[in-house]
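Have a look at the structure below before the remarks.
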Amino acid sequence: MNTDMTNQGLGFRSAFICVNRRRTFLAVSLLGVMVLPAQEQPARKSHIDDLVAGARAKVAKAPERAESYVELANALLRRAREKSDPAFDREAEDALNKALHLQAGNFEAR
């Protein structure tokens, strides 16, 4: 979309150009360059989000099983890598500690 627009009050010309698929617009005028973001698209749910949700459901259904907590920790670690968010690492550590509390000899939780 290339259109020239004249600002009536100031008498300068501006061009608005669609830059990418997210519809970010670049406004170019005599005053400079300005990036105008289009409406934010909601983040799509990833496969890892489904894994975390499934693991959380297993923990809720059987909180006495150490294996459920180990599965949750693995899913949370994958999410931490995907999102680069250390909060998920801490949550995964908590899940592993819970698994070890339930079953001290659990090899997978160590």
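FYI, it's all coordinate maths here, none of it is from the lab. Predicted model, so just to flag it, every value in this text is computed and none were measured. A quick note on method: Cβ atoms are made from the backbone with ideal geometry, for glycine too, and the neighbour counts reach across all protein chains shown.
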Label-point gap, in nm, between Asn97 and Lys45 - each point 7 angstrom along Cα→Cβ: 3.0 nm
Where labels lie 7 Å past Cα in the beta-carbon direction, separation of Phe107 and Arg81 in nm: 2.2 nm
Qualifying chymotrypsin sites (Phe, Trp or Tyr not before Pro) in region 44-110, DSSP loop, other Cβ atoms within 10 Å at most 15: Phe107
